[in-house]
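Notes follow the structure.
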Amino acid sequence: MKGRYFDNETTKLTKIHIVAVVLCICMIFIPQAVYADSSWIWLTDYRPFDILPPVALATIVIEVLAIWMIPHTGKLIKTAVVVIIANAGSFLLPYALLLGDPVYPKFNDVLNSGANYIVGAEFVILTLAIEMPIVYNLLKNEVSNKKKLIWSIIGSNIVTTVMVAVIERMVTEGYWA
């Protein structure tokens, strides 16, 4: 369907963001499995939040290099600052959402509440919904090929999200008792 509303690249990108945000909201409100009269017991000394600093650093380095080198932003410092801001939002949002829940009155309660593997399949969508508009809008004027920028943001986020999920599950382990 061609027309004045569908020709603009920004309009297409905005529609993608709206769909991603709606999907994230749906995932937040879809009920999850309940384990009554049970507790989560961590078998390892580390919880996912404990490994967040090195994992976040690796994520930021990979994303900065991908977004800087593939679409050639030409400005390493600006790219790094933008990616750091976008990642801060996507790493902290899952915790911020749980803090509004009366079950978790303190941040430490969120961390100790159970099987809180931070990264799962829904995290890719959440990450893209938060990071894509920030990174794209702040760097689109620095590149000649905006599609390369979009695909480098998507690709680097998928790669780093899968990497973090695998690391979390390799380093931290627990079970319901």
Mind listing whichever residues of the range 45-55 are over 11 Å from ILE167 (Cβ atoms) and surrounded by 12 or more Cβ atoms within 10 Å (Cβ to Cβ)? ARG47, PHE49, ASP50
Could you please let me know if GLU142 is in contact (Cβ under 8 Å) with a residue 40 or more places away in the chain, farther than 15 Å from PRO48 by Cβ, among the charged types (D, E, K, R) and open to solvent by less than 10 Å² (accessible area, probe 1.4 Å)? no
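What is the residue count in the range 137-177 for residues that are assigned to a helix (DSSP H, G or I) and either of a type outside the set (Val, Ile, Thr) or in contact with a strand residue (DSSP E or B) (Cβ under 7 Å, 6 or more places away or on another chain) (or both)?
Keep residues of the range 137-177 that are assigned to a helix (DSSP H, G or I), which gives 137-142, 146-171.
Subset that is either of a type outside the set (Val, Ile, Thr) or in contact with a strand residue (DSSP E or B) (Cβ under 7 Å, 6 or more places away or on another chain) (or both): 137-142, 146-149, 151-152, 155-157, 163, 165, 168-170.
Count: 20.
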Scan the range 150-177 for residues that are farther than 19 Å from ILE134 by Cβ and touching a Ser or Thr at 6+ places or on another chain (Cβ under 6 Å) and report the count. 4
Which of the residues spanning the range 119-137 are open to solvent by 30 Å² or more (accessible area, probe 1.4 Å) and in contact (Cβ under 8 Å) with a residue 60 or more places away in the chain? GLU122, ILE125, LEU128, PRO133
So HIS72 ticks every box in (1) modelled with pLDDT of 90 or more; (2) in a helix (DSSP H, G or I) but one. Which box is left unticked? (2)
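Can you confirm whether TYR117 is in a loop (DSSP other than H, G, I, E, B) and at pLDDT 80 or above?
Details: in a loop (DSSP other than H, G, I, E, B): yes; at pLDDT 80 or above: no.
Against the criterion (in a loop (DSSP other than H, G, I, E, B) and at pLDDT 80 or above), TYR117 does not qualify.
The values are calculated or read from the model by the stated rules, or taken from the named source; none is laboratory data. Everything numeric here is computed off the predicted structure, so don't read it as measured data. Cβ: placed from backbone, ideal geometry, glycine included. Neighbour counts: every protein chain shown. We work out accessible area using only protein heavy atoms, side chains counted, and drop any ligands, DNA or RNA first. Shrake-Rupley method; radii C 1.70, N 1.55, O 1.52, S 1.80 Å.
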